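Just below is one structure, and these are the notes that go with it.
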Amino acid sequence: MQQPELIPHLFRTEYRKITAVLCKLFGIEHIEIAEDIASDTFLTASETWSIKGLPENPVAWLYMVAKNKAKNYLKRDALFSQKIAQQIKASAEQAETIEIDLSAQNITDSQLQMMFAICHPGIPAEAQVGLALRILCGFGINEIADAFLTNKEAINKRLFRAKEKLRADNIAIELPSAAEINKRLETVLTTLYLLFNEGYYSAHTNTTVRKELCAEAMRLTHLLTENEATNLPAVNALLALMSFQSSRFEARTNEQGETILYEDQDENLWDKDLIDQGKYFMDAAFDNNAGLGKYHLEAAIAFFHTSKTDTKEKWENILQLYNRLLVTEYSPIAALNRTYALAKARSKEEAITEAEKLDLEDNHLYHALLGELYSGIDNLAAAGHLKKALALAQSDADRTVLRKKLSLLTGNDTP
Amino acid sequence: MKDFLFIYRAEPNNGPAASPEEMQASMSKWMDWLGNIAAQNKLADRGNRLHPAGKVVKPNNMITDGPYTEIKESIGGYSLIKAASLDEAAEIAKGCPVLAVGGNVEIRELNLM
């Protein structure tokens, strides 16, 4: 890798490690200092490397510079070093001997603990996702703004408030106790699930951004499976779900970035390795008779979608999984998907009766579903719903798909 | 939206035990019915099924087995449903699988304290 690409690459992989280790050492109230030292390390790297060329081992070089900068900071800033020294139980004079441990083990541990600190129930979900992208994934502010389809200022504000909250609540950077871990893990998994969905379902047309969000969510979930304390059934179920879903990533958009619907996708483009990976984590999730939670049910549904076999039995299974999912927790998207499964397992007529009770008139997917259910039964009603869906749709990708459906139905092109 | 308790009553099944397939089919019917309600975001709590065996405690520490001496039907289970009115709740109850086996659904609005 050449230098111009190497630094952004290293920034993505190493910034988060340095930040996590330093933040763990300094305490959450000094999160910005940890971030500043990490950023400063990369600034020094780009300056030095452009003059002297690449060091032999760039990562080791970065760690060494980060350590020195941290030690210098501790020495220079008397107030800070007194506070920190108290916390890390060393005297200010000993700042130089403070061990800044950038070993692989401590990096992993610190990142895991940071994950629990950031995904604290006291932080709003949206801010958690933003913070996770910044601190755990090393995304730049611009990249986060881009992913959320908003501007830099909004993201800065959101991150600032979240960090204030971390400080105000004095949230500890540690793994929760064994008794608490299941409850705290719920928030962590919700954040990772949101992060993944942000990539998988967002209106964003840039598939590179979306793929990266999904990959980051999977990497963090992977991290949880690698630690004994957090390698729990729900974590494995979520990773199975993510694996099955992302197996279709290459098949779901064409070269123009337009959505290709599931039934039209080329199965040869589905990633078999990811499907196998999903099966592996699914097995792990169902091990030791753990209860079936939301992620188990969603992973099982996603598993049925890894094959296009179209039998009543398959759809009956999917319907029953959606029944259990909805009985556990309502969501409009699950309600709509369940109704589609009802049509496939039973009949379109039965599904229409239930669909019309859903009270989701403002949702474009609701009208898209009714358009689908009515086609072949009452094409006029179907076209009416597709037109409503078209008017409500938020993204160009959705509108393109709906226009195609409408023209197939009415036999002519609609503007 | 108000909360309504649905109480499912049916005559205890004294006939031959159901086969696994029959039990599976009955389970699916209940899950379809609950799924229909949950899809409308009107299921507050799926509730529980109840074992047929029970005891009744009466004044003077009188304890008898089961409530069946006084009512022919026993309570098989309960759920909590969200609805705008008693009438809407009754409309929802029309699809309940307990009706197909000759049972009934009693609907009571919760009087929240």
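Side notes on the structure shown:
- A:Leu408, A:Leu386 arranged by Cβ crowding within 10 Å, fewest neighbours leading: A:Leu408, A:Leu386
- Loop sites in segment A:309-392: chymotrypsin sites (Phe, Trp or Tyr not before Pro), DSSP, at most 13 other Cβ within 10 Å: none
- Per-residue shielding of B:36-48, expressed as the average number of other chain Cβ atoms within 10 Å of the residue Cβ, stands at 6.
- Average beta-carbon neighbours from other chains, 10 Å sphere, peptide A:341-349: 1
- Computed per residue of chain B from DSSP H runs no shorter than four, each worth -39500 (n - 2.57), the mean residue ellipticity at 222 nm is -8000 deg cm²/dmol.
- Peptide packing: for A:394-407, A:46-59, the average count of neighbouring Cβ atoms within 10 Å per residue gives the ranking A:394-407, A:46-59, highest mean first.
- Estimated distance in nm for a label pair at A:Asn156 and A:Thr225, the labels positioned 7 Å out from Cα along Cα-to-Cβ: 3.9 nm
- Taking every alpha-carbon pair under 8 Å whose residues sit at least 6 apart, chain A reaches a relative contact order of 10 percent.
- Annotation for segment B:19-113: trypsin sites (Lys or Arg not before Pro) lying in DSSP loop with at most 15 further Cβ atoms inside 10 Å of their Cβ are B:Lys72, B:Lys94.
- Principal axis dimensions, largest first and in whole angstrom, of chain B by Cα: 43, 43, 19
- Whole-Å distance, taken between Cα centres, linking segment A:266-326 and segment A:328-369: 20 Å
Bear in mind these aren't lab numbers, they're just calculated from the coordinates by the rules spelled out. Keep in mind the model is a prediction, meaning the values are calculated, not measured. Note that each Cβ is placed from the backbone with ideal geometry, even for glycine, and that neighbours are counted across all protein chains shown.
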